[in-house]
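What follows is one structure encoded as structure tokens, with my remarks underneath.
Read the figures in this text as sums done on the coordinates, not as results from a lab. Everything numeric in this text was worked out from a predicted model, so none of it was measured.
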Amino acid sequence: MRHRVKTKSFHRPKEQREALFINLAISLIEHEKIETTLPKAKVLRPFIEKLVSLAKKDTVHARRLALSRLRNNKKAMNKLFKEIAPLYKDREGGYIRIYKLPKKRIGDSAELAIIEFVHLESKE
């Protein structure tokens with residue numbers, strides 16, 4: 001039974017699992033769209049959505065928290081605060097979209113997905 005188990009373990013120790021999601025988050029922020037397995041994409045979504053909600057506040061405290069969660073990657077933090085978060089200033093949530101891909105990975109037949117930011121049209 002999975003009582004009180006919130007996330008998948010991906011058969012990794014906690015430190016490796018956290019590093020995996022931080023690296024995926026940094027890649028998603030830098031490229032705005034990545035291809036990964038479906039379970040990883042589903043677990044990555046809340047991590048990124050919390051970061052975007054934090055970036056919408058744009059305070060010194062929020063920047064320091066985001067920087068600590070992105071393991072001192074200033075390039076990703078700056079892009080998150082200056083380019084990504086202003087797009088979603090009027091949106092309450094749902095910044096991420098996940099598409100299931102019809103193909104499976106050749107090596108282990110894992111389900112693949114594309115995870116990307118929802119692009120909003122400017123109102124100008």
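Summary of values
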item: Mean ellipticity per residue at 222 nm, deg cm²/dmol - from DSSP H runs of n ≥ 4 across the chain, formula -39500 (n - 2.57); result: -14000 deg cm²/dmol
item: Pairs beyond 24 Å (Cα-Cα), from 50/75; 75/100; 33/100; 14/56; 8/104; 50/89; result: 75/100; 14/56
item: For region 43-93: relative contact order, % (alpha-carbon pairs under 8 angstrom, 6 or more apart); result: 41
item: Sequence-separation-based contact order of the chain, relative, with Cα cut under 8 Å and 6+ spacing, percent; result: 30
item: Gyration tensor (alpha-carbon) shape descriptor, region 14-124, a/c threshold 1.5; result: oblate
item: Part-to-part distance (alpha-carbon centres) for region 47-124 and region 6-28, which is given in Å; result: 16
